[in-house]
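The values are calculated or read from the model by the stated rules, or taken from the named source; none is laboratory data. Only a predicted model underlies this, so the values are computations on that prediction, with no experimental measurement involved. Ideal geometry is used to build each Cβ from the backbone, glycine not excepted, and the neighbour counts take in all protein chains shown.
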Amino acid sequence: MTPVAPGPRALLVGRGGFSGSNERLLGGLRRVRPDLAFDVLDLDPLMRRDRITAARCVLGAVREYGPGALRTRALLRYRATRNVVYDNLARRAALNWIGARDYAFSLQTQSLFDAATDRFPHFVYTDYAALARVGEVWDDGRGAPSAAWLARERRIYAHADHVFTFGSCIRQLLIDTYGVSPARVSRAGAGASVTPSAPPSRDLSRYARRNVLFVGVDWARKGGPDLLAAFRLLRARLPDATLTIVGCKPPEAEGLEGCVALGRLPPVEVERHFQAASLFCMPTRLEPFGVVFCEAAHFALPVVATTVGDVGDVVHDGENGFRVAPGAPEVLADALFAALADPAVAQRMGAAGAALAHEFTWDAVARAILARAPLPAAAAA
């Protein structure tokens, strides 16, 4: 029997779970191209394998950002993985791991390290760039990136054969500010993490319940306090409106009439609350893209969100929801009222979101990336 030649092989390089995106992207790639085998390299264990490596990264942060990098443990963790020393060590670890292995292409997620080699094509898939912080309304205390780190970030994009972004604003930022050629960067979108196991109801009665859903862990950054203030104003106009908070349990929500905070829940329970909701609202103050808005589309929910980041790629103002300026509870309350006062409006917007849901799947992302991969035509799915 003649042996069957092995199919093409590719490499996926990441750092940690990337909020679950790495695993879901890999699933999409395998579904779209089942003939394509993937090796997976997670740089996190390699960079944490000994105390000497960790200490060098911490010293690199202090050298690059000054003693202020030690102000809090969270800030130190952040800066220890965004400095020249870390970049040198991470690149060396990646190239040592790759060694003599050969791939059809490599794909790294996030622009936080450089895993490019000159032996095969290399792609980057990212939701964010450091200079996106300029002009953001949310101050997370991390400060601006150093000039040295920005130079390294530019090198990541320069070494990539193609850069894929979650959203269109980040794509334009890479073109306008980082000097990436428009031909070398394209928007690939992102997929939903929680999707319906059964078709969501589109009955008018669902939207007439006026149940607002918030899903998020980082309460303050995701605009939770603004939502509570807006919800109080909304209840004065729509007394039957309710609010369900999933992902956290903010103390200020305790005892608020019409509001329940459930904390973190398993995915099956999160799906149940998406199915029961009438509208999704996360008035985030800082958001690169917002996968949770993709999830709302899959559940046929109208969305009230903000104008930050690439949220506009998912929430089309006046069509499947409303986008308002961050940090403005009164305006937020007006948008919630406009979407909920007439259940037919919420129903129409939910249907418009559902019509977009096919764009927000990991298979769609995989197809966009694989369309530029140098793979043999005979193996195409």
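How many residues are surrounded by 13 or more Cβ atoms within 10 Å (Cβ to Cβ) and over 24 Å from the mean Cα position of the chain (by Cα) when one looks only at the stretch 244-255?
The total comes to 2.
Checking Gln172 against (1) within 30 Å of Pro8 (Cβ to Cβ); (2) at pLDDT 95 or above, which single condition isn't satisfied?
All conditions are met except number (1).
Name every residue in the stretch 318-366 that is charged (D, E, K, R) and within 23 Å of Arg209 (Cβ to Cβ), in order of residue number.
Glu319, Asp334, Asp342, Arg348
Filter the stretch 299-343 down to residues that are under 15 Å from Cys281 (Cβ atoms) and of a type in the set (Asp, Glu) and give me whichever is surrounded by the fewest Cβ atoms within 10 Å (Cβ to Cβ).
Restricting to residues being under 15 Å from Cys281 (Cβ atoms) and of a type in the set (Asp, Glu), the top hit is Glu330.
Is it true that Asp176 is more than 23 Å from Glu23 (Cα to Cα), of a type in the set (Asp, Glu) and either surrounded by fewer than 16 Cβ atoms within 10 Å (Cβ to Cβ) or over 19 Å from the mean Cα position of the chain (by Cα) (or both)?
Details: more than 23 Å from Glu23 (Cα to Cα): yes; of a type in the set (Asp, Glu): yes; either surrounded by fewer than 16 Cβ atoms within 10 Å (Cβ to Cβ) or over 19 Å from the mean Cα position of the chain (by Cα) (or both): yes.
The answer is yes for Asp176.
If you check Ala147 against the conditions, is it farther than 30 Å from Ala325 by Cβ, surrounded by fewer than 16 Cβ atoms within 10 Å (Cβ to Cβ) and at pLDDT below 95?
The answer is yes for Ala147.
Yes/no matrix, rows are residues, columns are (1) surrounded by 24 or more Cβ atoms within 10 Å (Cβ to Cβ); (2) closer than 23 Å to Ser197 by Cα:
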residue	(1), (2)
Thr242	no, no
Glu257	no, no
Glu269	no, yes
Arg272	no, yes
Ala277	yes, yes
Pro283	yes, no
Pro288	no, no
Cys294	yes, yes
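Can you tell me how many residues within the stretch 297-321 are in contact with an Asp or Glu (Cβ under 9 Å, 6 or more places away or on another chain) and closer than 15 Å to Met349 by Cα?
The number of residues fulfilling the criteria is 5.
Can you run down the residue pairs with Cβ atoms below 9 Å, 6 or more apart or on separate chains, where the first is in the stretch 344-356 and surrounded by fewer than 20 Cβ atoms within 10 Å (Cβ to Cβ) and the partner is among the β-branched types (Val, Ile, Thr)?
Leu356/Val314
So Ala230 passes all but one of these: (1) among the small types (Gly, Ala, Ser); (2) buried (at least 22 other Cβ atoms within 10 Å of the Cβ); (3) over 17 Å from Thr284 (Cβ atoms). Which condition number does it fail?
Condition (3) is where Ala230 drops out.
Mind checking whether some residue in the stretch 159-168 is at pLDDT 95 or above, among the acidic types (Asp, Glu) and surrounded by 22 or more Cβ atoms within 10 Å (Cβ to Cβ)?
No - not one qualifying residue is present in the stretch 159-168.
Of all residues in the stretch 212-249, which are closer than 15 Å to Val304 by Cα and touching a Ser or Thr at 6+ places or on another chain (Cβ under 8 Å)?
Of everything in the stretch 212-249, those that are closer than 15 Å to Val304 by Cα and touching a Ser or Thr at 6+ places or on another chain (Cβ under 8 Å) turn out to be Val212, Leu213, Phe214, Gly216, Lys222, Gly223.
Being under 23 Å from Val194 (Cβ atoms), touching a residue at least 24 places away in the same chain (Cβ under 8 Å) and small (Gly, Ala, Ser) is true for just one of Gly7, Gly16. Which residue is that?
Gly16
Which of (1) part of a loop (DSSP other than H, G, I, E, B); (2) at pLDDT below 95 is the odd one out, the single condition Ala132 does not satisfy?
Of (1) part of a loop (DSSP other than H, G, I, E, B); (2) at pLDDT below 95, only one is false for Ala132: (1).
Output the number of the condition that Gly223 fails; it satisfies all remaining conditions of (1) modelled with pLDDT under 95; (2) at positive phi.
(1)
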